[in-house]
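A quick write-up on the structure given underneath.
The values are calculated or read from the model by the stated rules, or taken from the named source; none is laboratory data. All figures in this text were calculated on a predicted structure; none of them were measured in a lab. Ideal geometry is used to build each Cβ from the backbone, glycine not excepted, and the neighbour counts take in all protein chains shown.
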Amino acid sequence: MAFLPRGIIVPVITPFADDGTIDDAAYRKVLHHLIDNGVHGVFPMGTTGEFYAVSDDEYRRLLEVTVEEVNGKIPVYAGVNHITTRGVIRLAELCAQVSGIDAISVLTPMFISQTQEELYQYYKHIAASTDFPIVMYNNKPKTNVTIEPDTVARLAEIPNIVGVKDSTGDFTNACEYIRLTRGNANFRVLLGRDTLIFAGLCQGAAGAIASCANVAPRLVADIYDKFMADDLEGARKAQFSLNPLRIACNMGTFPAVIKEGLVQQGFSVGKCLDPIVQLSEEQKQKLNAILKSMKLII
């Protein structure tokens, strides 16, 4: 499998109009903003993109717009998430109908609590059903399901499973992913907690899938780019500059802070779909002060 994930990959927000439909024009502007600021990949229909809120037609249309706007400049990773194995396979088949998608990201099933053997079989069956490179997605805080390091190491032996995103926030878990797969030239570990990008790179991670890169794409890309250029102090400085924004995400139901940050920067991305509510006026002011301190708005 030639494809390997790397760099700063942005799980792109999905802009919604007041009537709940996807705002294509606003989405295109966000994509150009990300590309122009040097990110290394985009990832529509992840958790940040409210994947759970769209129909199949909306899902396919969003992927088509993504591929059209990216135009081969950077890789496109499509979120392929469902509670069942057959549901994921069906979405992967929809992705295969959209020319230009480079890889898919597959979240663990939600709500049900699987054993590690069930998770192994879940990913194994999905991998056997598609030619796409697959990045596994562990988001235990949202799903209450985790892929343990030994299971990741087993799954990393499957040729088209090329990586894992660790959004647990448990750095020991991420380091174990790296340690147990470090001899596998065809597998990479990506951080999914934005405050841990620099630390992950120091341990051998290949990059991050970073939601805050929607709002601060150049700053987040700097963590990776400066690290790769051996400017470790510059990379650490960029990480420290980013952290207040990521911590501020705890103010609202995710991804409300990300969307509000873009709105305050002039992007008409709307609010999250109900039942997620907008930030309070006090919270908006707190976010505004953080964005000003980061020089992301004037």
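Note on the range 241-257: among residues that are touching a residue at least 24 places away in the same chain (Cβ under 8 Å) and either closer than 22 Å to Ala53 by Cβ or of a type in the set (Val, Ile, Thr) (or both), the one that is surrounded by the most Cβ atoms within 10 Å (Cβ to Cβ) is Val257. Of all the criteria given as (1) assigned to a loop (DSSP other than H, G, I, E, B); (2) surrounded by 18 or more Cβ atoms within 10 Å (Cβ to Cβ), the one not satisfied by Glu157 is (2). Candidates Val220, Val277: the one that is within 26 Å of Lys142 (Cβ to Cβ), assigned to a helix (DSSP H, G or I) and either more than 18 Å from the chain's Cα centre (by Cα) or of a type in the set (A, V, I, L, M) (or both) is Val220. It is to be established whether one or more residues within the range 35-53 are outside any strand (DSSP E or B), more than 23 Å from Gly7 (Cα to Cα) and under 17 Å from the mean Cα position of the chain (by Cα). Yes.
Going through (1) closer than 30 Å to Arg179 by Cα; (2) of a type in the set (Lys, Arg); (3) surrounded by fewer than 17 Cβ atoms within 10 Å (Cβ to Cβ) one by one, Lys286 falls short only on (1). Residues in the range 206-221 that are surrounded by fewer than 24 Cβ atoms within 10 Å (Cβ to Cβ) and either farther than 17 Å from Lys237 by Cβ or not basic (Lys, Arg) (or both): Ala206, Pro217, Leu219, Ala221. Just to be sure before I move on: is Leu196 over 20 Å from Asn144 (Cα atoms), within 16 Å of the chain's Cα centre (by Cα) and part of a helix (DSSP H, G or I) in the structure I sent? When the stated conditions are applied, Leu196 passes them. Selection within the range 108-144: residues that are in contact (Cβ under 8 Å) with a residue 40 or more places away in the chain, assigned to a helix (DSSP H, G or I) and within 22 Å of Val76 (Cβ to Cβ). The member of this set that is nearest to the chain's Cα centre (by Cα) is Ile126. If you go through the range 55-107 and pick out every residue that is under 18 Å from Asn160 (Cβ atoms), among the polar types (S, T, N, Q) and within 17 Å of the chain's Cα centre (by Cα), you end up with 2. Scanning the range 86-107 for residues that are charged (D, E, K, R) and either in a strand (DSSP E or B) or surrounded by 13 or more Cβ atoms within 10 Å (Cβ to Cβ) (or both) gives Arg90, Asp102.
Taken over the range 54-85, the criterion of being outside any helix (DSSP H, G or I), out of contact with any Phe, Trp or Tyr (no Cβ under 7 Å at 6 or more places or on another chain) and not polar (S, T, N, Q) is satisfied by Val54, Gly72, Lys73, Ile74, Pro75, Val76, Ala78, Val80, His82. When we screen Gly183, Gly169 for residues that are at positive phi and surrounded by fewer than 18 Cβ atoms within 10 Å (Cβ to Cβ), the only hit is Gly169.
The condition (being assigned to a helix (DSSP H, G or I), of a type in the set (Asp, Glu), free of Cβ contacts under 8 Å to residues at least 40 places away in the same chain and surrounded by fewer than 20 Cβ atoms within 10 Å (Cβ to Cβ)) is satisfied by just one residue among Glu260, Glu233: Glu233.
Checked against the criterion of being of a type in the set (Ser, Thr, Tyr) and at pLDDT below 95, the candidates Thr168, Thr143, Thr85, Thr108 yield just one match: Thr143.
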